[in-house]
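Below is one structure; the comments refer to it alone.
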Amino acid sequence: MSKLNILFVASECHPFAKTGGLADVVGALPKYLRKLGHDARVVMPRYYGVDRSKLKKFPAPLGVPMGVIGEMWCGIYEGVLPESEVPVYFVDYELFFGRESLYNDASGIGFMDNDNRFVLLSRAAMQLCKALDFRPHILHTHDWHTSAANLFLTTIYANDERFARCASVLTIHNMQYQGAFYNGLMNVLDVGWEHFNFREVEMDDKVNLLKAGITHATMISAVSPKYAREILTKEFGYGLEATMRTREGDLWGVLNGVDTDEWNPRTDRFIAPNNYDENSLENKLKIKRALQREMGLPQRDAPLIAIVSRLVKQKGIDTIAEAIHDLLKMDIQIVMLGSGEIWTHFYFGDIMKLYPKQFACRIGFDAALSHRIEAGCDLFLMPSRFEPCGLNQMYSQLYGSPPIVHGVGGLEDSVQNYDERTGEGTGFKFYGLNAKNLVNTVGWAVHTWYNEKERFRAMQKRIMRLDYGWERSAKTYEALYLEALKRANKPFS
Ligand code: ADP
C-alpha cells in the first residue's frame, strides 16, 4: 500500500506534555503508523515545559488568521518523538502557551482564554500544512481542544487544493470535556455564523467545539469499543448523546495500545536492576519491599494494593474515600499516587495519619514512581465511574499486578473477570459503582491472594503475556483512515 500522510493535531503528547492517556496515545500511535510505512506527524503547543534548546526553529513565523482578533504570528519549532523519526511541530505563542500547566490555573480552574488558545492551535495546524507543503490524507484530531480543525477542513479549507485529498478523524478520549464557550467565539473561528445551529456547532447557545468536531469529522473513534457504545447513551454522553447518535454509523471503537518501549517489566529503566518476567517474579517481590520502604510502610507480607490516578470523581475517587475505612479493616496495604480535586489531598492526607502502617499517599505527578508502583504492587485498583479506555489497568496486567475494576468502557473491554471455577481471568471486576461493591470485590481479590496462591500466581503469569502492543491498534487505525477516505469520496491510491 502507498503511504498515507497523517497529521495529528493534539493538545498533549508524551513525553513533551502530559496530563493523561491522551498524551500516551499521541506519543505512541504515530510511531507505530510510521512503522507501517506512513508519514505521520504531530502538531502541538510549545508549552513552557518544552525545552526549546533541543529543537530546530523555523526561520519564518507562521501567520494564523483568527477572525476578529486578526492574524496571530507564531513561532514554529521542530523536534521528533524519541526513538523515532516522527516530526513534532510545536506552535510557539508565548502569551497563550508559555504557562506551567496545560489547561488550568493552580486552583484547578480552566484558563479564561482556553477557547482562543486551542482555536489558535487548530488553525495553526492547517496553516502549517501550507507552510510545509504537507498534503495530508488524514487530519487526526483529539478531543475538544483540536476539534475546530475538523470544522476548518470542511469550511474554510474545503476548496483548498492542499487538502483536496484529505479526510478527517476525531478521536474522543473523554466526552465529559467539551470546550463549551461564549458564542462570540464564532467570530474567531470565522467559519460563518450559518454554522451556529443545533445540527453543527451550537449547544445551549454556546459554541461547543467537541460537537463541531463530531458533526464535521469524516469519521469518529472512541478509545475503546465499549466506550463507543456508551457515549450514545444519556449516562455517558454528557448531553451530546443525540448528536453522537446521528454519527453512529461513522463511529468506531479502537482500544488504545500500550507503548511497550516504556511499559515493559523486562526492560523498564525505572525498576532496574530488578527487571523481571513471568519466570522471575522474585524480583517483583524485591520491588515491593523497596516500595514499602520508600512509602514508609512496614515491609510485611500483606497484599499491597495500588492506586495511580487523577484524583477526580471520574476515577471513582469519592467511592474509594467512602470505602477506605472498611477497606483498611482488611489486612492489606494501600499506596496512592495522584493529584486532582483539592479535597482529596486533605482527605487522604488525614487517612495516612490515621493508618500509618497501612496507607501511604503521594500527592503529585511522578512518572518514575508510577512505574515502581505498577511493578511493586500485588493488585491495582481502578474503580472508574466511566473510563473511555484507561491505561493503568493494562500496564498493571503487563506487570503481573491483577487489576480490580468497575466494568465500564475500556475496563470492561480489557479485563476478563476471574472465574473461581476454572481459575481463568485477568482481574477482578464489579458492576454498579458503590462502596459496598468496591469493598466486596477488593475483599474477593484479597481472599484470592491469601488463599488461592497458586491460582493467583498463574493469573499473574498469564496477564504478563497479554498482547497490548500498539501494532494491532495501529493497524485498526490504518483501516479507519482508509474507510474515512472512502466515505469522504477521496479515493486513495
Ligand atoms: P486519564 O487519561 O483519564 O487520566 P488513563 O489511565 O488513560 O487515564 O491514563 C493516565 C496516565 O497518566 C497513565 O499513563 C498514568 O500512569 C498516568 N498518571 C496519572 N496520574 C499520575 C501521577 N500522579 N503520576 C504519574 N503518572 C500518572
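Bear in mind that the values in this text are calculations on the coordinates, not laboratory data. In this text the structure is predicted, and so the values were computed from the model without any measurement. Cβ sites come from the backbone with ideal geometry, for glycine too, and all protein chains shown count toward neighbours.
Points to keep in mind about this one:
- Here's the picture: a label point sits 7 Å out from the Cα of K461 along the beta-carbon direction, and within the range 276-297 the residues with their amide nitrogen under 13 Å of it are 277-282.
- Proximal charge balance of E483 [Cβ under 14 Å; K/R count +1, D/E count -1]: +3
- Calculated FRET value between V68 and K357, using beta carbons and R₀ = 60 Å, to 0.05: 0.50
- The ranking of T267, T448 from fewest to most other beta carbons within 10 Å of each one's beta carbon is T267, T448.
- R0 of 56 Å, Cβ-Cβ distance D277-F492: FRET efficiency to nearest 0.05: 0.85
- Each residue, D204 and K453, gets one label point 7 Å from its Cα in the Cβ direction; the gap between the two is 5.5 nm.
- The chain: calculated mean residue ellipticity at 222 nm from DSSP helix runs of at least 4, using -39500 (n - 2.57): -11000 deg cm²/dmol
- Rounded if a/c under 1.5, otherwise prolate or oblate - the range 239-302, Cα gyration tensor axes: prolate
- Taken about its Cα centre, the chain carries a charge dipole of roughly 900 debye when the Cβ of each Lys and Arg holds +1 and the Cβ of each Asp and Glu holds -1.
- Prolate/oblate/rounded label for the chain (Cα gyration tensor, a/c 1.5): prolate
- Eligible lysines near K211 by straight Cα distance, threshold 19 Å, same-chain separation 8 or greater: K234
- As a proxy for reagent exposure, ranking H406, H140, H195 by other Cβ atoms within 10 Å from fewest up yields H195, H406, H140.
- With a Förster radius of 25 Å applied to the C-beta separation of F365 and R52, the computed FRET efficiency comes to 0.70.
- Distant-in-sequence amide H partners of L337 (H built 1.01 Å from N, under 5 Å): I307, V308, S309, R362
- Our estimate of slack between E420 and T246, defined as 0.36 nm per intervening residue step minus the Cα-Cα distance, is 58.4 nm.
- Mean Kyte hydropathy of -1.0 or more with a Cα span along the axis of at least 15 Å, helices from DSSP in the chain: 21-35, 114-132, 143-154, 342-354, 435-451, 470-487
- Stretchable slack from D133 to R162, in nm (0.36 nm times residue separation minus alpha-carbon distance): 9.7 nm
- A cut-off of 5 Å between modelled amide H atoms, ignoring neighbours fewer than 5 places along the same chain, links F359 with I334.
- Magnitude of the charge dipole for the range 1-136, about its Cα centre and with charges confined to Cβ atoms of Lys, Arg (+1) and Asp, Glu (-1), is about 480 debye.
- Cα gyration tensor shape of the range 282-467, rounded if a/c is under 1.5, else prolate or oblate by comparing a/b with b/c: rounded
- Net +/- balance of residues flanking A302 in space, Cβ distance below 11 Å, scoring K and R +1, D and E -1: 0
- Scanning residues 5 or more positions from D259 or on other chains, none has an amide H under 5 Å from its amide H, with H placed 1.01 Å from N in the peptide plane.
- Per-residue HN-Hα couplings for the range 186-195 [Karplus 6.51, -1.76, 1.60; θ = phi - 60°; Hz; x = Gly/Pro]: 4, 6, 8, 4, 6, 8, x, 5, 4, 7
- Positive-end ranking of Y48, M175, L354 along the dipole of the chain, with charges on Cβ about the Cα centre, is headed by L354.
- Ordered by the count of other Cβ atoms within 10 Å of each Cβ, fewest first, W144, W444, W470 give W444, W470, W144.
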